[in-house]
Amino acid sequence: MNEKHYRVVALGKPTEEQKTQWYYQKYVSTFPRAGEIVLFDRSWYNRAMVERVFSYCSEKEYYDFMRGVVGFERDLVRQDTILVKLYFSVTKEEQARRFDRRKTDPLRQWKLSEVDLQAQDRWDDFTNVKYEMLKRTHTIDAPWTVVRSNDKHQARLNAIKAILNAVSYTRLNDSLDFALDENIIVSGSRELEMMEVERVRGGKFTD
């Protein structure tokens with residue numbers, strides 16, 4: 001990809017000034033122009049997951065977000081922004097293995113955050129807010145795509161395919177396979193169905 005046409009945006013903790021602004025303002029200021037791709041490393045859904053679990057936002061801020069995000073995204077899509085929402089999911093066992101490796105591997109220690117250190121203990125909390133997020137924000141206008149990420153290589157390959165399949169363009173090489181692996185890519189609606197089956201059978205979510 002030509003680096004002139006895409007950016008990766010990874011926003012940090014909100015500044016004191018940003019705390020006084022409309023929640024989406026810091027994201028909107030980084031949105032793509034025509035012909036550009038912006039990849040958010042944690043999007044506005046940080047409020048629905050990490051901020052919710054660790055009480056980094058108030059109850060009012062959380063519920064305001066959950067009430068408003070569907071309309072916000074509908075406006076984006078209606079005005080010709082192509083919005084692709086990817087949720088990368090790993091099992092609890094695989095997450096634990098990766099975190100243990102980060103603790104001892106000097107080349108990976110920089111990846112380990114305070115949130116990571118507590119993630120295993122808060123697994124059920126994260127799973128519960130994941131369910132609420134998918135249930136309330138998986139829409140026709142802006143659906144979720146869940147990427148099974150235990151296999152990093154296949155997860156990345158299929159994520160790229162999902163993004164490419166969301167855009168209308170002339171493919172230059174008909175021999176390339178753009179079909180998604182159903183073992184890796186799951187629709188948000190299907191993920192919800194499977195989570196609900198787990199809860200009915202076991203009394204709680206298990207993944």
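Within segment 164-183, restricting attention to residues that are in a loop (DSSP other than H, G, I, E, B) and under 19 Å from the mean Cα position of the chain (by Cα), the residue that is surrounded by the most Cβ atoms within 10 Å (Cβ to Cβ) is 180.
Scanning segment 111-134 for residues that are of a type in the set (A, V, I, L, M, F, W, C) and either closer than 16 Å to residue 62 by Cβ or in contact with an Asp or Glu (Cβ under 9 Å, 6 or more places away or on another chain) (or both) yields 126, 129, 133, 134.
Any idea which of 77, 69 is over 17 Å from the mean Cα position of the chain (by Cα), among the β-branched types (Val, Ile, Thr) and at pLDDT 95 or above? Let's see the steps before the verdict.
Values: 69 fails: over 17 Å from the mean Cα position of the chain (by Cα).
After applying the criteria, what remains is 77.
Restricting attention to segment 14-27, the residues being part of a helix (DSSP H, G or I) and either under 17 Å from the mean Cα position of the chain (by Cα) or small (Gly, Ala, Ser) (or both) number 1.
Residue-wise test of (1) within 27 Å of residue 60 (Cβ to Cβ); (2) at pLDDT below 95; (3) of a type in the set (Lys, Arg).
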| site | (1), (2), (3) |
| --- | --- |
| 5 | no, yes, no |
| 14 | yes, yes, no |
| 19 | yes, yes, yes |
| 23 | yes, no, no |
| 27 | yes, no, no |
| 31 | yes, no, no |
| 35 | no, yes, no |
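When each of 55, 43, 89 is tested for being under 27 Å from residue 119 (Cβ atoms) and more than 15 Å from the chain's Cα centre (by Cα), the lone residue that passes is 55. Entry remark, segment 55-69: residues being touching a residue at least 24 places away in the same chain (Cβ under 8 Å) and surrounded by 15 or more Cβ atoms within 10 Å (Cβ to Cβ) number 3 in total. Can you find a residue in segment 39-54 that is closer than 21 Å to residue 144 by Cβ and loosely packed, with under 11 Cβ neighbours inside 10 Å? Yes, that holds for at least one residue. All conditions but one from (1) outside any loop (DSSP other than H, G, I, E, B); (2) without any contact (Cβ under 8 Å) to a residue 12 or more places away in the chain; (3) not small (Gly, Ala, Ser) apply to residue 127; the one that does not is (2). When residue 65 is tested against (1) touching a helix residue (DSSP H, G or I) at 6+ places or on another chain (Cβ under 7 Å); (2) outside any loop (DSSP other than H, G, I, E, B); (3) of a type in the set (Phe, Trp, Tyr), exactly one condition is not met: (1). Counting only residues that are closer than 13 Å to residue 43 by Cα and over 17 Å from the mean Cα position of the chain (by Cα), segment 1-13 holds 1 of them.
Looking across segment 130-154, the residues that are under 13 Å from the mean Cα position of the chain (by Cα) and not aromatic (Phe, Trp, Tyr) come down to 130, 133, 134, 137, 138, 142, 143, 145, 146, 147, 148, 149. Among the conditions (1) of a type outside the set (Lys, Arg); (2) in a loop (DSSP other than H, G, I, E, B); (3) without any contact (Cβ under 8 Å) to a residue 40 or more places away in the chain; (4) more than 25 Å from residue 69 (Cβ to Cβ), the only one that residue 160 does not satisfy is (2).
The values are calculated or read from the model by the stated rules, or taken from the named source; none is laboratory data. Source: prediction; values computed, not measured. We place every Cβ from the backbone using ideal geometry, glycine too, and count neighbours over all the protein chains shown.
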